[in-house]
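Participant: Structure below; questions to follow.
The values are calculated or read from the model by the stated rules, or taken from the named source; none is laboratory data. Only a predicted model underlies this, so the values are computations on that prediction, with no experimental measurement involved. Here the Cβ positions follow ideal geometry from the backbone for every residue, glycine too, while neighbour counts run over all protein chains shown.
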Amino acid sequence: MAPLTWYLGLSALLFTIGAVGVFIKRNAITIFLCIELMLNAVNLALVSLSSFFGDIGGQLFVFIVMTVAAAEAAVGLAIIISIYRNRESLNVDEVDNLKL
Amino acid sequence: MRGETILFVVFAVLALVTALNVLVQRNPLYSALSLIGTLASLSAVYMTLRAQFIAAVQIVVYAGAIMVLFVFVIMLLNVPKDQPQVEKQKGLRYLAIPFAGLLIAETFTVLQRLPARSMPPLPASGGDQAVGTTWSIGTALFTDYLLPFEVTSVLILMAVVGAMVLARREND
């Protein structure tokens with residue numbers, strides 16, 4: 001059985017990869033994919049803690065995180081579609097109407 | 001017991017490689033396909049944690065439903081590759097690397113202080129009602145956690161209505 005630290009380390013690495021992706025990518029859909037990666041990293045931490053401590057609460061929380069991720073994907077992709085209709089581009093640097 | 005460790009290492013490496021591939025690919029479609037690989041590997045990692053239900057839901061909901069939504073939108077929009085003509089704040093991107101190192105260093109500093117802990121053994125009566133089975137999740141979900149479950153269903157309803165309103169064309 002792999003120790004708890006390995007699971008949490010994998011979770012931390014995946015979260016960092018997702019965070020770096022959000023910073024360096026310029027395509028709105030790719031940034032969204034990286035956010036999903038970060039959500040999955042947190043899910044892994046929750047499931048591993050839940051299993052190692054024998055408490056079902058963590059896995060229920062993962063279940064709810066997954067439904068929230070589905071809702072977020074539906075609304076986020078709708079926003080991306082409407083941005084693309086208005087601008088013909090998905091580059092987040094070009095969507096700067098709120099910039100002072 | 002050794003078999004679980006080997007499985008964990010194999011699928012952890014697979015998850016990390018496919019996650020890095022999400023960043024390396026310039027075409028969003030390849031990034032999405034690579035992320036499906038990460039999600040499937042994580043499902044295998046959940047199996048080594050004896051979380052069978054979450055592993056199945058990970059495949060069905062994440063790798064199935066959510067990623068299909070992503071791939072569908074990518075194909076609908078015919079997204080150009082991630083090679084922007086205008087690139088503002090080019091220097092800021094290189095700041096991401098030191099900050100990523102900082103983030104990793106912080107988390108591993110915390111992990112070093114974690115006390116060693118091993119997984120609880122399966123109950124003597126068999127694994128039918130152990131933590132992570134469908135029985136345990138269903139029982140807890142519809143008794144102690146009923147309110148979060150209902151609130152989540154309302155949230156899903158709001159997301160469906162919101163997505164329809166946002167993606168609708170303006171001229172009708």
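Participant: Restricting attention to segment B:116-130, does a residue exist that is in a helix (DSSP H, G or I), facing chain A (nearest Cβ under 7 Å) and either under 23 Å from the mean Cα position of the chain (by Cα) or not acidic (Asp, Glu) (or both)?
Facilitator: Checked against the condition, which is being in a helix (DSSP H, G or I), facing chain A (nearest Cβ under 7 Å) and either under 23 Å from the mean Cα position of the chain (by Cα) or not acidic (Asp, Glu) (or both), segment B:116-130 yields no hits at all.
Participant: Can you tell me which residues in segment B:41-60 are at the interface with another protein chain (Cβ under 8 Å from one of its Cβ atoms), assigned to a helix (DSSP H, G or I) and not aromatic (Phe, Trp, Tyr)? Can you show your working first?
Facilitator: The first filter runs over segment B:41-60 and keeps only residues at the interface with another protein chain (Cβ under 8 Å from one of its Cβ atoms), leaving B:42, B:45-46, B:48-51, B:53-54, B:57-58.
With the extra rule that they be assigned to a helix (DSSP H, G or I), the set shrinks to B:42, B:45-46, B:48, B:53-54, B:57-58.
Of everything in segment B:41-60, those that are at the interface with another protein chain (Cβ under 8 Å from one of its Cβ atoms), assigned to a helix (DSSP H, G or I) and not aromatic (Phe, Trp, Tyr) turn out to be B:42, B:45, B:48, B:54, B:57, B:58.
Participant: Looking only at segment B:15-32, count how many residues are under 22 Å from residue B:44 (Cα atoms) and touching a residue at least 12 places away in the same chain (Cβ under 8 Å).
Facilitator: 6
Participant: Say we look at segment A:5-27 and pick out the residues that are buried (at least 22 other Cβ atoms within 10 Å of the Cβ) and modelled with pLDDT under 90; which of these is nearest to the other protein chains (Cβ to nearest Cβ)?
Facilitator: Among them, the one singled out is A:27.
Participant: Next question. Can you name every residue in segment A:52-100 that is at positive phi and either surrounded by 15 or more Cβ atoms within 10 Å (Cβ to Cβ) or within 7 Å of chain B (Cβ to nearest Cβ) (or both)?
Facilitator: Going residue by residue through segment A:52-100, those that are at positive phi are A:54, A:88.
The answer is A:54, and nothing else.
Participant: I want to confirm something. Restricting to segment B:131-153 and keeping residues that are assigned to a helix (DSSP H, G or I) and hydrophobic (A, V, I, L, M, F, W, C), which single residue is surrounded by the fewest Cβ atoms within 10 Å (Cβ to Cβ)? Let's see the steps before the verdict.
Facilitator: Step one: filter segment B:131-153 for residues assigned to a helix (DSSP H, G or I), giving B:134-141, B:146-153.
Restricting the remaining residues to those that are hydrophobic (A, V, I, L, M, F, W, C) gives B:135, B:137, B:140-141, B:146-147, B:149, B:151.
On the way: B:135: 12, B:137: 22, B:140: 19, B:141: 17, B:146: 11, B:147: 8, B:149: 15, B:151: 10.
Ranking the candidates gives B:147 first.
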